[in-house]
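Down below is the structure, laid out as structure tokens.
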Amino acid sequence: MIARGHKIIGSIKNRSGHGIDLITRKGGKLFFWEVKGSTKDLLKLSADQARGAEYFVKSRLQRAAKWNISNGAKTKALNLFNEASATGVRGGIIHIPDVFSGSGSHIRFFPWMP
């Protein structure tokens, strides 16, 4: 992502590791990414992820703003939600095939639409 001009902002995840995998900024705009790794050429999305980036990102940011975490993290989630609501949700799905086999692969980017 850095080679594509993105600055890594971080991720928003609950204690189980579920949430927004990667948040970046490029040209002053936020991007939200779902990262999928598999040994097959198949992308499996959860039911909420399949509803599209707009729904998934906003719902996860709203949840994070309510989690029992530090006020700084809650404020960050709320600020990201407000910015995403004002400017729209951009991003996509990053697919890394064969991530577990160690055979090397080509990273591919897909739009994240319902």
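Just so you know, all these numbers are worked out from the coordinates, no wet-lab data involved. Everything numeric here is computed off the predicted structure, so don't read it as measured data. Here the Cβ is made from the backbone with ideal geometry for all residues, glycine too, and neighbour counts use every protein chain on show.
Structural remarks
- Rg/Rg_globular for the range 1-96, with Rg_globular taken as 2.2 N^0.38 Å and Rg from C-alpha atoms: 1.07
- Rounded to the nearest 20, the size of the Cβ-charge dipole of the chain about its Cα centre is 320 debye, with Lys and Arg at +1 and Asp and Glu at -1.
- S85-S16 FRET efficiency (beta carbon distance; Förster radius 22 Å; 0.05 resolution): 0.30
- Sorting the segments 6-18, 54-66, 80-92 by their mean number of nearby beta carbons within 10 angstrom, highest to lowest, gives 54-66, 80-92, 6-18.
- Charge sum, other residues only, whose C-beta stays under 10 Å from I9's C-beta, Lys/Arg counted +1 and Asp/Glu -1: +3
- Dipole of the chain [Lys/Arg +1, Asp/Glu -1 at C-beta], most positive-end residue of V35, A53, T24: T24
- Straight-distance crosslink candidates among lysines, where the alpha carbon sits under 28 Å from K74 and sequence neighbours closer than 8 are dropped: K7, K13, K26, K29, K36, K58, K66
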